[in-house]
Amino acid sequence: LPTGEVLVLGGKNNTNQFDDTLSVFRAEIWNPRTDKWTLLANQTKHRNYHSTAILLHDGRVLSGGGGLCGRCSDVEEMNQPNSQIFSPPYLFDRAGNLASRPIIAHAPQEIQVFRNFVVRISGTQAKRVVRFSLVKQSVITHSISTDQRQVGLKHRRAVPFLLEDGSYAY
């Protein structure tokens, strides 16, 4: 996740191939800074063999697939040609409502390795931004992403300036 935490979705509590018994529905987040796990809401579908979870550009996670294996076609409920959207806790305020989010007012189309670049953020939450990261889109097969990564960026806050709408950009 863009927070540096790891979201775990799906799986099962047995090693039987092509078997959805003992599926894990509860989502979990692991925080590498605290080495603690947080239990979250349940998914509604089995997400085992041939499933996927992909971080979307807005911070939500697309969770889909499952089943679709050799003999799975004989048992319809094992096939999951569907998806659902998971919204991590960082998208909500303390009252459980969708949180106000910073707006990227300007960012370069391309950046160069070892070169500084400017990202301008605005909105009511702009002053609360404490970290930036680059997140590579995932490539997933057989429930495993071997290519997704998150790279934290060092940053410094510039002096805020007033925008036409009365909000500040940093």
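The values are calculated or read from the model by the stated rules, or taken from the named source; none is laboratory data. These numbers come from a predicted model, not from an experiment. In this analysis, Cβ positions are derived from the backbone assuming ideal geometry, glycine residues included, and neighbour counts consider all displayed protein chains. Surface accessibility is based on the protein's heavy atoms, side chains included, excluding ligands, DNA and RNA. Shrake-Rupley method; radii C 1.70, N 1.55, O 1.52, S 1.80 Å.
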### Query
Exactly one of (1) part of a strand (DSSP E or B); (2) among the aromatic types (F, W, Y); (3) modelled with pLDDT under 85 is unmet by W30. Its number?
(3)
#### Entry: Residues of segment 20-59 that turn out to be free of Cβ contacts under 8 Å to residues at least 12 places away in the same chain and of a type in the set (D, E), as a count
2
### Candidate set from segment 56-65 (those that are open to solvent by 20 Å² or more (accessible area, probe 1.4 Å) and closer than 16 Å to Q148 by Cβ); member that is modelled with the lowest pLDDT
H57
### Message
Kindly evaluate L68 against the criterion of being open to solvent by 80 Å² or more (accessible area, probe 1.4 Å) and either under 15 Å from S83 (Cβ atoms) or modelled with pLDDT of 90 or more (or both).
### Response
yes
#### Entry: Filtered residue count, segment 6-49, keeping only those that are open to solvent by less than 40 Å² (accessible area, probe 1.4 Å) and either touching a Cys at 6+ places or on another chain (Cβ under 6 Å) or more than 18 Å from I85 (Cα to Cα) (or both)
5
### Query
So which residues in segment 72-109 are in a strand (DSSP E or B) and either open to solvent by 70 Å² or more (accessible area, probe 1.4 Å) or at pLDDT below 90 (or both)?
S83, I85, F92, L98, I103, I104, A105, H106
#### Entry: Pick from segment 1-27, criterion of a type in the set (A, V, I, L, M, F, W, C) and assigned to a loop (DSSP other than H, G, I, E, B), ranking: farthest from N79 (Cα to Cα)
L1
